[in-house]
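Structure, as structure tokens:
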Amino acid sequence: MAQFRLTQISDTHLARRFKLLTDNFHRVSEHIDVTRPDLVLNSGDVSFDGPTSRDDLAFAREMHDALPVDCRYLPGNHDIGDNPTAVGPTPTQLPTEESRVAFRTVLGDDRWRFEAAGWCFIGLNSLIMNTGLDSEAEQFDWLATQLDKTAGKPVALFLHKPLYLDTPDDLEREATAIRFVPQPARSRLVEMLGKVDLRLVGSGHVHQRRDYTFGRIRQIWAPSVGFIISDEKQERIGIKETGIVEYRFQPDSFEVRHVRAKGQLDVDLDMLFAKQPAN
Ligand SMILES: [Fe+2]
Ligand SMILES: [Fe+2]
């Protein structure tokens, strides 16, 4: 394959009860139907509340199954629970082996590797990091094996949470610790990735679009397909809009396009709940 076209969608937060989010997903589906990439990747928060409403995962799968191209998935905190951090309070919903298995049962592998157009693509479950679950250690072992096999090929990494704000040495702050891959797992991951030709890190989670380069690594924060979060509730770092990201990989190079599907709306999180009945 001389080129490989990948469309990253993220933070779809699908649930039968949120029509505004379903509508935005439909607008993105129509765009994908026209553009027909080789693969669609949903980089997490596929469902609105996977840990407590397994039907949200099932509904999300139904919606993706209607797409005319193959899909891969990565878990987000709204799919399996959120990771503990070194400095912040413990999240109300920690990932468990049970929630991880539920994700895998409905949406497939929570980590994966494949090659296309001379590139090595790796997807990681960023939510089990720092949990101490057996699957965390297993994933690090698996990753070490996969990195050994890249054989000098350029590597594109995808995961739900960005690795860091600007640089690997950014201090972990309590207020935003849940925004990034938490320490000390982050340092371990960055060190492992330093041994390969990492060119791209694609993430979601922040619901803001961002595109910057640190060293040789292009860092893409995919916006949410579904909704944005107001400045009152979340600091502005990148661009607050809904949308998707399109990549075109060729041997030793790649292009990134920041796109909004026609008709995709900037639904605000507050609008979402205003539409719901009081009970
Ligand atoms: Fe999200
Ligand atoms: Fe998230």
State whether one or more residues within region 263-273 are assigned to a strand (DSSP E or B), out of contact with any Pro (no Cβ under 7 Å at 6 or more places or on another chain) and of a type outside the set (A, V, I, L, M, F, W, C).
yes
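Listed here are the residues, each with its yes/no results for (1) farther than 20 Å from Lys262 by Cβ; (2) surrounded by 24 or more Cβ atoms within 10 Å (Cβ to Cβ).
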position: Asp11; (1), (2): no, yes
position: His26; (1), (2): no, no
position: Ser29; (1), (2): no, no
position: Arg36; (1), (2): no, no
position: Asp45; (1), (2): yes, yes
position: Asp55; (1), (2): yes, no
position: Leu67; (1), (2): no, no
Filter the helices (runs of 4 or more DSSP H) completely within region 16-92 down to those with at least 1 residues that are modelled with pLDDT of 95 or more, of a type in the set (Val, Ile, Thr) and within 16 Å of ligand 1 (Cβ to nearest atom).
19-35, 77-80
Quick check on my filter: what residues within region 204-247 are of a type in the set (A, V, I, L, M, F, W, C), in contact with a Leu (Cβ under 8 Å, 6 or more places away or on another chain) and without any contact (Cβ under 8 Å) to a residue 60 or more places away in the chain?
Ile217, Ile228, Ile229
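Residue by residue, here is whether (1) in contact (Cβ under 8 Å) with a residue 12 or more places away in the chain; (2) out of contact with any helix residue (DSSP H, G or I) (no Cβ under 7 Å at 6 or more places or on another chain); (3) not polar (S, T, N, Q) holds:
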residue	(1), (2), (3)
Pro95	yes, no, yes
Arg100	yes, no, yes
Val106	yes, no, yes
Ser126	yes, yes, no
Val155	yes, yes, yes
Leu159	yes, yes, yes
Glu174	yes, yes, yes
Output for Cβ contacts, cut-off 6 Å, separation at least six or different chains, first residue at negative phi and touching a residue at least 60 places away in the same chain (Cβ under 8 Å) in region 40-55, second near ligand 1 (Cβ under 10 Å from one of its atoms) and assigned to a loop (DSSP other than H, G, I, E, B), reads Ser43/Ser10; Ser43/His160; Ser43/Gly204; Val46/Thr12
Within region 199-208, residues crowded, with 23+ Cβ neighbours inside 10 Å and either more than 13 Å from ligand 1 (Cβ to nearest atom) or of a type in the set (A, V, I, L, M) (or both) come out as Gly202, Val206
Out of all the residues in region 73-84, which are in contact with a Pro (Cβ under 7 Å, 6 or more places away or on another chain), within 11 Å of Lys161 (Cβ to Cβ) and either among the hydrophobic types (A, V, I, L, M, F, W, C) or more than 9 Å from ligand 2 (Cβ to nearest atom) (or both)?
Asn83
Taking region 126-146 as the search range and keeping residues that are among the β-branched types (Val, Ile, Thr) and either in contact with a Lys or Arg (Cβ under 9 Å, 6 or more places away or on another chain) or assigned to a helix (DSSP H, G or I) (or both), which one is nearest to Leu157 (Cα to Cα)?
Thr145
Count - residues of region 97-112 that are within 16 Å of Gln139 (Cα to Cα), buried (at least 19 other Cβ atoms within 10 Å of the Cβ) and in contact with a strand residue (DSSP E or B) (Cβ under 9 Å, 6 or more places away or on another chain):
3
Pick from region 178-198, criterion in a loop (DSSP other than H, G, I, E, B) and within 16 Å of ligand 1 (Cβ to nearest atom), ranking: surrounded by the most Cβ atoms within 10 Å (Cβ to Cβ):
Val181
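The values are calculated or read from the model by the stated rules, or taken from the named source; none is laboratory data. Just so it is clear, the model here is predicted, and its values are computed rather than measured. Positions of Cβ are backbone-derived with ideal geometry, glycine not excepted, and every protein chain shown enters the neighbour counts.
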